[in-house]
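Single-structure report; data block below.
The values are calculated or read from the model by the stated rules, or taken from the named source; none is laboratory data. Predicted model, so just to flag it, every value in this text is computed and none were measured. Reconstructed Cβ throughout: ideal geometry from the backbone, glycine too, with neighbour counts over all protein chains shown. Each accessible area value is taken on the protein alone, full model and side chains, heavy atoms only, with ligands, DNA and RNA left out. Shrake-Rupley method; radii C 1.70, N 1.55, O 1.52, S 1.80 Å.
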Amino acid sequence: MRFTYRQLADYFTDNFPSVAELAEGLTFHAWEVEDVAPLTGEDLEFEVKILPDRAGDAKTPAGLAREINAIWPELKPKEPWSTVTADSARQEIVFSVQQINDILGLNLKESEISSLLRRVGVEILGGENKLTALVPPARSDLNLKEDLADEIIRLYGYNQLPSRLLAPRPNKVGQNAVGFSLANRVRAKFVAAGYAEVYSYTFVNDGEFEIEKALASDKTRLRTNLTDGLRRILEANLDRALFDTDEVKLFEIGTVFVDGREEMMVASAVGRKKPELKIEIEEKSLSLWSGASLPAGDLDPFIAGEVHYRSVSPYPRIVRDLAVWVPKAVEAQTVSDLIKQTAGEWRVEGPVLFDEFAKDGKKSLAFRLSFQAPDRTLADPEINEIMAKIGDRLATNSDWQVR
Amino acid sequence: MIEPIGKLHPLTQITWGAVKIFNELGFTVAEGPEIETEFNNFDGLNIPPNHPARAMQDTFWLKPRSDGKLLRTHMTAVSFRELAKKRLPMRVVSPGRVFRNEATDATHEAQFYQFDALAVDRTGVITMADLKGTLEHFYRGIFGADTEMRMRASFFSFVEPGVEVDIKWGDRWLEVCGAGMLHPNVFRAAGVDPEEWQGFAFGSTIDRLAMIKYGVEDIRQFYQGDRRFLEQF
């Protein structure tokens with residue numbers, strides 16, 4: 001809903017909050033202010049995300065002004081807001097101070113509770129153990145003591161609510177679901193064996209379960225196996241591998257939908273292009289792994305430390321090889337580090353040492369590396385320049401020769 | 001030439017971290033089916049048929065629509081199943097795949113992962129203050145010990161009071177969670193007396209936590225299986 005600042009300020013005599021105060025107060029105590037945009041004549045427009053429970057009373061300037069007065073009770077409205085009486089009340093909610101404090105984890109007094117509720121136009125009758133809230137006709141969302149607790153805490157302020165960590169339950173250590181624990185043991189096995197875990201899509205173009213209003217014509221059904229998706233992912237990775245001899249090992253644990261029911265499956269895939277094309281995929285139900293010899297399901301050893309994430313570029317990659325003669329005593333790592341330092345920000349893979357041989361007291365080292373820009377297709381001359389720079393850097397060692 | 005590197009998917013890594021924190025607080029992991037009933041996903045959670053979240057564009061219904069079967073839209077459906085078992089008091093955390101019928105882009109996927117946590121005890125034992133403290137503890141565990149968190153007034157049908165939760169990341173506040181005290185109507189639908197029991201519930205999108213923590217800007221990357229992506233974690 002859109003409201004203008006002046007329109008709202010006009011309901012009050014003076015001391016209307018500033019634009020920033022208004023946006024912040026509404027966001028914390030009522031609804032998110034999603035945008036504040038300038039209008040002509042030095043006015044501003046507020047985009048306020050009125051939530052569905054308050055669609056009935058707050059989606060008018062007067063309704064929002066009423067709410068603003070609840071958040072800033074010191075404001076004086078030009079016209080007094082209508083008050084609720086036992087006769088006009090939409091309904092009565094009977095509650096106690098204890099019940100409110102039980103929900104919130106606070107120790108509010110009766111006077112504080114009554115005062116907060118009066119700010120939203122709810123009248124309170126009775127005393128401590130049996131209070132009656134008179135709900136104004138416009139507030140169709142207030143029906144239970146929990147609804148009153150919501151009004152109280154949002155006006156009181158969540159920032160004032162104490163933080164209490166749930167007390168531990170020393171004698172109540174339960175078991176995680178069997179499937180979850182088993183899946184983690186299977187994960188530990190595959191990751192330790194060099195497999196990378198993938199998550200693929202549930203929606204496919206064929207299968208016995210069909211969905212209404214699919215997002216695309218090839219995503220109308222629920223997958224009946226993990227194998228098909230895993231094969232596609234494996235092949236895509238093989239096509240992107242730096243060397244045709246690279247082996248790719250993947251696994252997925254996920255739900256498939258077949259024979260009228262769903263089942264958690266485990267699929268693994270191993271592939272490479274050379275020396276001969278090999279693609280092996282196995283899939284079986286997670287439940288069939290329960291008798292297998294598996295490691296404990298502790299995944300801590302496989303959790304990444306600090307991650308320096310770099311997004312995978314959608315633009316083409318340029319692959320280059322570089323060979324250099326160095327004295328026998330020079331470590332390949334030393335050469336590799338120098339290449340890395342000089343290769344610049346577009347280097348995405350390598351340098352990978354792929355060939356090494358010794359001759360006449362020297363050794364030849366061959367490296368492969370690849371380049372890719374995050375935002376565009378690189379041109380060959382740009383990479384030629386970088387390769388020349390790397391060559392120059394290596395050649396500063398007088399007994400190294402770039403081939 | 002390059003030996004394969006064994007890697008856990010980043011969403012598995014975040015899930016594992018979350019579950020460890022909750023296990024220490026006495027929560028156990030619960031599971032449920034991805035195909036749900038309309039009742040467990042909506043009616044039981046105090047989401048009546050005219051609620052905006054039930055509009056056709058948000059939910060993947062299975063054919064035929066008249067069967068009332070759908071792909072769960074939130075993990076709160078599993079929390080509800082657990083509540084209906086009436087093993088009280090209870091603390092469960094339910095991680096899993098959920099589905100929303102939305103056009104996909106860098107920040108929206110039609111499938112993603114959520115966890116939902118539910119803690120129920122006698123009246124007055126588990127309160128909004130416990131919710132705040134528990135959420136702070138959780139987000140500090142995921143994002144670092146000095147992470148700032150705030151709660152804002154909000155509305156979700158299955159809780160009352162209801163809040164949205166933001167964490168501060170760099171100099172920005174990012175919304176990470178919907179939370180609140182489980183609504184009495186949800187207790188009743190599960191066959192539990194809300195005059196005797198109360199508790200909190202909250203749900204967080206695992207993909208979003210991973211995107212924030214690692215700086216991943218496109219949610220679709222999680223489902224491509226590209227080794228160049230996976231090997232960074």
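Which FRET efficiency value, to the nearest 0.05, do you get for A:Asp300 and A:Asp87 by plugging their Cβ-Cβ distance into 1/(1 + (r/R0)^6) with R0 = 45 Å?
0.10
Can you give the angle from 0 to 90° between the axis of helix A:227-240 and the longest principal axis of chain A, with both taken from C-alpha atoms, to the nearest 10?
Its long axis makes an angle of about 60 degrees.
For segment A:278-354, state which trypsin sites (Lys or Arg not before Pro) are in a DSSP loop and have at most 11 other beta carbons lying within 10 Å of their beta carbon. Display every interim value, and only then the final one.
On the way: sites: A:Lys278, A:Lys284, A:Arg310, A:Arg317, A:Arg320, A:Lys328, A:Lys340, A:Arg347; in loops: A:Arg310, A:Arg317, A:Lys328.
Those that pass, being in a loop and sparsely packed, are A:Lys328.
Pop out the ³J(HN,Hα) list for segment A:77-87 in order, Karplus 6.51 cos²θ - 1.76 cosθ + 1.60 with θ = phi - 60°, rounded to Hz; leave Gly and Pro as x.
Along segment A:77-87, the couplings run x, 5, 10, x, 6, 5, 10, 9, 10, 4, 6 Hz.
Select from segment A:60-102 all residues whose loss of accessible area on going from the chain by itself to the full protein assembly reaches 40 Å² or more (probe 1.4 Å).
Buried by 40 Å² or more upon assembly, which counts only protein chains, are A:Asp102.
How far is it, in nm, from the label point at A:Arg376 to the one at A:Ala37 when both lie 7 Å from their Cα along the line to the Cβ?
Here the answer is 3.3 nm between the modelled labels.
Applying the Karplus parametrisation 6.51 cos²θ - 1.76 cosθ + 1.60 with θ = phi - 60° to the phi angles of segment A:121-136, what ³J(HN,Hα) value in whole Hz is obtained for each residue in order, glycine and proline being reported as x?
So the Karplus estimates, Gly and Pro as x, are x, 8, 9, 10, 10, x, x, 2, 8, 9, 9, 10, 9, 9, 8, x Hz.
Give me the angle, in degrees from 0 to 90, between the Cα long axis of helix A:178-192 and the longest principal axis of the Cα atoms of chain A, rounded to the nearest 10.
30 degrees
Taking the 0 to 90 degree range and rounding to the nearest ten, how far is the long axis of helix A:380-395 tilted relative to the main principal axis of chain A, both from C-alpha atoms?
On a 0 to 90 degree scale, this one is about 60.
Would you pull out the residues with amide H under 5 Å of B:Phe200's amide H, same chain only if 5 or more places away, H placed 1.01 Å from N?
B:Ala119, B:Leu182
Where Lys and Arg each count +1 and Asp and Glu each count -1, what net charge lies around B:Ser94 among other residues with Cβ under 15 Å from its Cβ?
The answer is +1.
Once the Cβ-Cβ distance between A:Ser115 and A:Ser140 is put in as r, and R0 is 22 Å, what FRET efficiency do you end up with, to the nearest 0.05?
For R0 = 22 Å, the calculated efficiency reads 0.40.
With +1 on each Lys and Arg Cβ and -1 on each Asp and Glu Cβ, how big is the dipole of segment A:1-90 about its Cα centre, in debye rounded to the nearest 20? Don't jump to the answer; show the numbers that get you there.
Working: 9 positive and 17 negative charges, 68 e Å.
Here segment A:1-90 has a charge dipole of around 320 debye.
Assuming a ≥ b ≥ c are the square roots of the Cα gyration tensor eigenvalues, decide whether segment B:1-50 counts as rounded (a/c under 1.5), prolate (otherwise, with a/b larger than b/c) or oblate.
oblate
Could you tell me how far the Cα centroid of segment A:60-103 sits from the Cα centroid of segment B:92-150, in Å?
Result: 31 Å between the Cα centres.
What FRET efficiency, computed as 1/(1 + (r/R0)^6) with R0 = 45 Å and r the Cβ-Cβ distance, is obtained for A:Gln175 and A:Ser311, rounded to the nearest 0.05?
That gives a FRET efficiency of 0.70.
Search the structure for amide H atoms under 5 Å from the amide H of B:Lys63, placed 1.01 Å from N in the peptide plane, and list their residues when 5 or more places away or on another chain.
Under 5 Å from the amide H of B:Lys63 lie the amide H atoms of A:Glu210, A:Ile211, A:Glu212, each far enough along the sequence or on another chain.
Along the Cα→Cβ direction, 7 angstrom out, place labels at A:Lys213 and B:Asp218. What is the inter-label distance in nm?
2.7 nm
Give, as a single signed number, the net charge of other residues whose beta carbon lies under 9 Å from the beta carbon of B:Trp197, with Lys and Arg counted +1 and Asp and Glu -1. Before the final figure, lay out the partial values.
Numbers: positive: B:Arg122; negative: B:Asp121, B:Asp193, B:Glu195, B:Glu196.
Here the count lands on -3.
Enumerate the amide H contacts of A:Thr224 below 5 Å, restricted to partners 5 or more residues apart or on another chain; note that Pro and chain-start residues carry no placed amide H.
Amide H to amide H, under 5 Å and 5 or more residues apart or across chains, A:Thr224 pairs with A:Phe257.
Would you mind getting the accessible area per residue of chain B, heavy atoms of the protein chains only, 1.4 Å probe, in Å²?
33 Å²
Buried accessible area for the B:A pair, summed, 1.4 Å probe, in Å² rounded to 100?
Looking at B and A, the buried total is near 8200 Å².
With a 1.4 Å probe and all protein chains left in place, how much of the accessible area of the protein assembly as shown comes from carbon and sulfur atoms, in whole percent?
48 percent
Taking a ≥ b ≥ c as the square roots of the eigenvalues of the Cα gyration tensor of segment B:10-224, is the shape rounded (a/c under 1.5), prolate (a/b larger than b/c) or oblate?
Here segment B:10-224 falls in the oblate category.
With every protein chain in place, what's the accessible area of B:Phe112 (1.4 Å probe, Å², nearest 10)?
20 Å²
What is the sum of charges around A:Ala292, taking Lys and Arg as +1, Asp and Glu as -1, for the other residues whose C-beta is under 12 Å from the C-beta of A:Ala292?
Net of charged neighbours comes to +3.
Mind listing, in residue-number order, the residues in segment A:146-171 that have at least 40 Å² less accessible area with every protein chain present than in their own chain alone (1.4 Å probe)?
For segment A:146-171, once contacts with the other chains are taken into account, A:Glu146, A:Asp150, A:Tyr158, A:Leu161, A:Ser163, A:Arg164, A:Leu165, A:Leu166, A:Arg169 lose 40 Å² or more.
Looking at segment A:1-82, which trypsin sites (Lys or Arg not before Pro) are in a loop (DSSP not H, G, I, E or B) and have at most 14 other Cβ atoms within 10 Å?
Numbers: sites: A:Arg2, A:Arg6, A:Lys49, A:Arg54, A:Lys59, A:Arg66, A:Lys78; in loops: A:Lys49, A:Lys59, A:Lys78.
Within segment A:1-82, the qualifying trypsin sites (Lys or Arg not before Pro) (loop, at most 14 other Cβ atoms within 10 Å) are A:Lys49, A:Lys59, A:Lys78.
At what distance in nm do the modelled label points of A:Glu21 and A:Ala167 sit from each other, each positioned 7 Å from its Cα along Cα→Cβ?
4.2 nm
Could you please state, rounded to a whole Å, how far the C-alpha centre of segment A:181-224 is from the C-alpha centre of segment A:329-364?
Between the Cα centres of segment A:181-224 and segment A:329-364 lies a distance of 40 Å.
For segment B:72-84, what does the Karplus curve 6.51 cos²θ - 1.76 cosθ + 1.60, with θ = phi - 60°, yield as ³J(HN,Hα) per residue in whole Hz, taken in order and with x for Gly and Pro?
3, 9, 7, 6, 4, 4, 6, 4, 5, 4, 5, 4, 5
Calculate how many DSSP beta bridges within chain B are antiparallel, expressed in % of all such bridges and rounded to the nearest 5.
Beta bridges within chain B, antiparallel portion: roughly 95 percent.
In terms of solvent-accessible area of protein heavy atoms at a 1.4 angstrom probe, what is the ranking of B:Asp58, A:Asp355, highest value first?
A:Asp355, B:Asp58
Mind checking segment A:310-403 for GluC sites (Glu not before Pro) that DSSP puts in a loop (not H, G, I, E or B) and that have at most 16 other Cβ atoms within 10 Å?
Numbers: sites: A:Glu331, A:Glu345, A:Glu349, A:Glu356, A:Glu382, A:Glu385; in loops: A:Glu331, A:Glu345.
For GluC sites (Glu not before Pro) across segment A:310-403 that sit outside H, G, I, E and B with at most 16 neighbouring Cβ atoms in 10 Å, the list reads A:Glu331, A:Glu345.
Where the centre of each part is set by its Cα atoms, how far does segment A:3-55 sit from segment B:1-40, in angstrom?
Using only Cα atoms to place each centre, the spacing works out to 41 Å.
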